[in-house]
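The values are calculated or read from the model by the stated rules, or taken from the named source; none is laboratory data. If you're wondering where the values come from, they're calculated on a predicted model, not measured in any experiment. Reconstructed Cβ throughout: ideal geometry from the backbone, glycine too, with neighbour counts over all protein chains shown. Just the protein is used for accessible areas: all its heavy atoms, side chains included, with ligands, DNA and RNA removed. Shrake-Rupley method; radii C 1.70, N 1.55, O 1.52, S 1.80 Å.
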Amino acid sequence: QVQLVESGGGLVQPGGSLRLSCAASGTIFSINAMGWYRQAPGKQRELVAALTSGTSTNYADSVKGRFTISRDNAKNTVYLQMNSLKPEDTAVYYCNARSIVTPTRVHLELWGQGTLVTVSS
């Protein structure tokens with residue numbers, strides 16, 4: 001069974017940095033795309049950053065220049081380096097993976113359980 005396990009959330013002061021990690025567990029042949037979404041209280045879930053199995057990236061305008069997504073395909077892990085954090089970055093961050101190929105099936109899309117990032121002084 002494939003699962004996405006996130007880590008790295010927490011409390012940070014404005015201007016600080018955090019690094020989120022998301023590892024896909026289980027026997028996996030390939031993952032087409034991995035990324036991060038976030039959901040703030042009272043708001044809809046939104047894309048933060050995504051990265052395909054190649055090098056194509058997509059960032060929300062609000063995080064461009066501050067956040068960097070990267071991926072270790074050998075470890076089926078995606079990272080989100082978050083710098084210059086602002087209070088408006090406070091949200092639950094969810095890992096997302098699409099087209100996960102395993103020995104028994106193809107998972108079209110999986111989500112992690114979410115990790116809370118709080119930016120506050």
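Of note:
- Scan of region 26-41 for residues that are within 11 Å of Ile100 (Cα to Cα) and either assigned to a strand (DSSP E or B) or touching a Pro at 6+ places or on another chain (Cβ under 8 Å) (or both), ordered by number: Thr27, Phe29, Ser30, Ile31, Asn32, Ala33, Met34
- Some residue of region 42-60 being open to solvent by 30 Å² or more (accessible area, probe 1.4 Å), closer than 17 Å to Leu110 by Cβ, modelled with pLDDT of 95 or more and not in a strand (DSSP E or B): yes
- Selection of strands (runs of 3 or more DSSP E) fully inside region 62-121 by the criterion of at least 2 residues being under 28 Å from Gln13 (Cα atoms) returns 67-72, 77-82, 91-101, 115-119.
- Region 1-25, residues that are out of contact with any strand residue (DSSP E or B) (no Cβ under 7 Å at 6 or more places or on another chain) and either over 21 Å from Thr104 (Cβ atoms) or open to solvent by less than 60 Å² (accessible area, probe 1.4 Å) (or both): Gln13, Gly15, Gly16
- Hits in region 76-113 - residues which are open to solvent by less than 20 Å² (accessible area, probe 1.4 Å), under 18 Å from Leu20 (Cβ atoms) and out of contact with any helix residue (DSSP H, G or I) (no Cβ under 9 Å at 6 or more places or on another chain): Thr77, Val78, Leu80, Leu85, Asp89, Ala91, Tyr93, Cys95, Asn96, Ala97, Gly112
- Checking each residue in region 59-91 for being touching a Pro at 6+ places or on another chain (Cβ under 9 Å) and among the hydrophobic types (A, V, I, L, M, F, W, C) picks out Leu85, Ala91.
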